[in-house]
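Participant: Just passing along the structure, written as structure tokens.
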Amino acid sequence: MHQNLTTPEPSLDPHRPPIPATPLPDLLDPAWLRELALACGADAAGVVEVEREALKGDAAAMEAMLPGVKSVVSLLARVNADALRGPWMGVANRSARFAEEGVDRAASELSRRLQQAGLRSVAVHASFPMDVHREGRIWPLAHKVLAEQAGLGTRGHNRLLLHPEFGAAVVLAAVLVDRPAAGTSAPLERSPCNGCGLCVEACPTGAIGKDGAFSLVNCAAHNYRFRLGGFNAWVETLVDSRDRRDYRKRVRPEETMGIWQSLTTGANHACMNCMAVCPVGQGRPKPPAPRGKDLVRQLLDRGGQIHVIRGSDAEVHARARFQPERIRIVSSGNRLTTARGFLQALPILFQPGQAEGLEVAVHFEFTGADPCGATAILSQGRLRVAPGLEGNPDVTVMADGPTWVAIASGLKGILPAILTRKLRLRGSRKAFRAFMRCFPS
Ligand code: SF4
Ligand code: SF4
């Protein structure tokens with residue numbers, strides 16, 4: 001039952017705009033929505049209509065979360081950039097965590113107030129928890145795409161949303177609303193990214209390329225060491241360890257403590273350098289705050305290990321820049337469950353540096369409950385994966401889907417699968433081995 005809208009809700013804060021005493025109009029006033037979002041705790045907000053072309057990738061997800069959804073409010077909260085830039089990762093993590101909680105609270109409060117005004121709405125939170133049981137995308141909304149459409153910023157070279165005033169040190173949430181707004185926000189006309197390249201220099205894994213390429217898997221293997229993938233990998237290492245001594249050889253004490261910290265205080269990051277170093281919107285810090293190259297050096301020196309996947313471009317990058325004792329070889333922790341998921345993961349796992357000089361085309365044909373196939377072509381250091389089987393391949397891989405998943409996950413060897421005819425390989429095995437080296441995990 002709707003509340004009686006003739007009685008204004010007493011505001012929690014005298015500066016907060018109250019819910020209007022009269023029924024809301026058929027077209028919501030976007031300025032009122034933005035003001036309400038700021039009153040609920042956001043630092044910036046914008047309103048977008050859900051049918052906008054740029055949001056079509058999320059349209060079905062938004063409709064599923066709130067049938068009849070018409071508008072979406074993107075909310076942004078600042079992270080304390082000074083805390084991010086300091087020498088203590090614990091301070092940086094706590095600050096980021098509180099900002100995330102703050103923007104989530106702001107979204108929930110906005111949703112609550114809209115419901116009190118008789119609208120239906122759902123708050124979509126900033127980060128974890130995610131639907132980890134899903135294959136592929138496990139988050140409900142692409143917050144950065146939405147925030148760009150809401151005019152809150154644009155994605156910079158570091159792939160983070162850059163707000164013109166608050167820079168990269170921001171977190172995002174959203175609120176879905178079942179009523180259209182009269183006029184919505186437009187994307188910014190100019191990107192605030194100045195192309196300074198400091199994010200490239202400050203990235204310890206080389207995940208941010210000078211050319212604009214970004215390696216999600218190399219970033220996540222390091223930055224998410226105490227989060228999703230890292231936790232998976234840690235549990236399996238624990239299970240594989242023969243005894244306490246063996247475990248201690250495989251896992252350093254500070255890594256065990258890092259996992260404990262994340263479990264008890266909230267999922268912590270191992271890096272965030274690209275967010276910390278970006279100078280956009282932060283003004284000129286007064287001395288002695290480090291900036292520019294000094295800040296890059298301070299961030300790279302703030303200790304802790306650099307986590308890289310064996311055989312990855314990140315390993316090559318880190319070995320050229322850090323003492324061996326700072327480098328920790330890890331697995332990505334990504335766990336495949338289907339052959340289709342393997343094909344979808346190829347572009348994410350791809351390491352262009354390992355593909356130099358390699359020209360090879362591979363057909364994958366998977367049978368089983370969900371038969372699927374694709375053509376993967378490596379040429380001039382680039383990967384193209386096309387659905388279906390096209391052209392004449394150098395190698396053909398035919399396998400039962402679950403068998404291939406077990407092989408790709410390191411749970412089964414190729415030879416037994418070939419001997420039991422669950423896997424058939426046609427073409428050059430040397431070329432196939434070289435191909436697979438471009439996808440370490
Ligand atoms: S979080 Fe760290 S590893 Fe990931 S892209 Fe940013 S700087 Fe690189
Ligand atoms: S650090 Fe420089 S290049 Fe990187 S996102 Fe920020 S402004 Fe752009």
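The values are calculated or read from the model by the stated rules, or taken from the named source; none is laboratory data. Everything quoted here is computed from the prediction, not taken from an experiment. As a convention, Cβ positions derive from the backbone with ideal geometry for all residues, glycine included, and neighbour counts pool all protein chains shown.
Participant: Show the residue pairs meeting these rules: Cβ distance below 6 Å; 6+ apart or different chains; first residue within segment 328-355 and farther than 13 Å from I309 by Cα; second residue part of a loop (DSSP other than H, G, I, E, B) and aliphatic (A, V, I, L, M).
Facilitator: So the pair list comes out as F342/L336.
Participant: Considering G281, G292, which residue is under 23 Å from the mean Cα position of the chain (by Cα) and on the phi > 0 side of the Ramachandran plot?
Facilitator: G281
Participant: Determine whether G195 is away from ligand 1 (no atom under 16 Å from the Cβ), closer than 30 Å to G68 by Cα and either in the same structural domain as H125 (by TED's automatic domain parsing) or out of contact with any strand residue (DSSP E or B) (no Cβ under 8 Å at 6 or more places or on another chain) (or both).
Facilitator: no
Participant: Suppose we filter A92, A77, A81, A96 for residues that are at pLDDT below 95, under 22 Å from G41 (Cβ atoms) and out of contact with any Pro (no Cβ under 8 Å at 6 or more places or on another chain); which single one remains?
Facilitator: Of A92, A77, A81, A96, the one residue that is at pLDDT below 95, under 22 Å from G41 (Cβ atoms) and out of contact with any Pro (no Cβ under 8 Å at 6 or more places or on another chain) is A81.
Participant: Looking at A361, A408 in this structure, which one is of a type in the set (A, V, I, L, M, F, W, C), at pLDDT below 95, within 27 Å of F214 (Cα to Cα) and not assigned by TED's automatic domain parsing to the domain that holds E135?
Facilitator: A408
Participant: With a cut-off of at least 1 residues that are under 28 Å from D240 (Cα atoms), name the strands (runs of 3 or more DSSP E) lying wholly within segment 322-441.
Facilitator: In segment 322-441, the matching strands (runs of 3 or more DSSP E) lie at 327-330, 395-400, 423-427.
Participant: Among the candidates A233, A220, A276, single out the residue that is assigned to a helix (DSSP H, G or I), within 14 Å of ligand 2 (Cβ to nearest atom) and not assigned by TED's automatic domain parsing to the domain that holds F166.
Facilitator: A276
Participant: Return the pair list, or none, for Cβ contacts closer than 9 Å from residues in segment 194-217 that are over 15 Å from L299 (Cβ atoms) to residues that are within 8 Å of ligand 2 (Cβ to nearest atom) and of a type in the set (S, T, N, Q), at least 6 apart or on different chains.
Facilitator: F214/N158
Participant: Follow-up question, since we're still on this one. Output the residue which, of all residues in segment 236-270 that are in a helix (DSSP H, G or I) and either in contact with a Gly (Cβ under 7 Å, 6 or more places away or on another chain) or among the basic types (K, R) (or both), is nearest to ligand 1 (Cβ to nearest atom).
Facilitator: Applying the filter and picking the extreme gives R250.
Participant: Just one of (1) within 15 Å of ligand 2 (Cβ to nearest atom); (2) not in a loop (DSSP other than H, G, I, E, B) trips up A174, so point out which.
Facilitator: (1) is the only condition that A174 fails.
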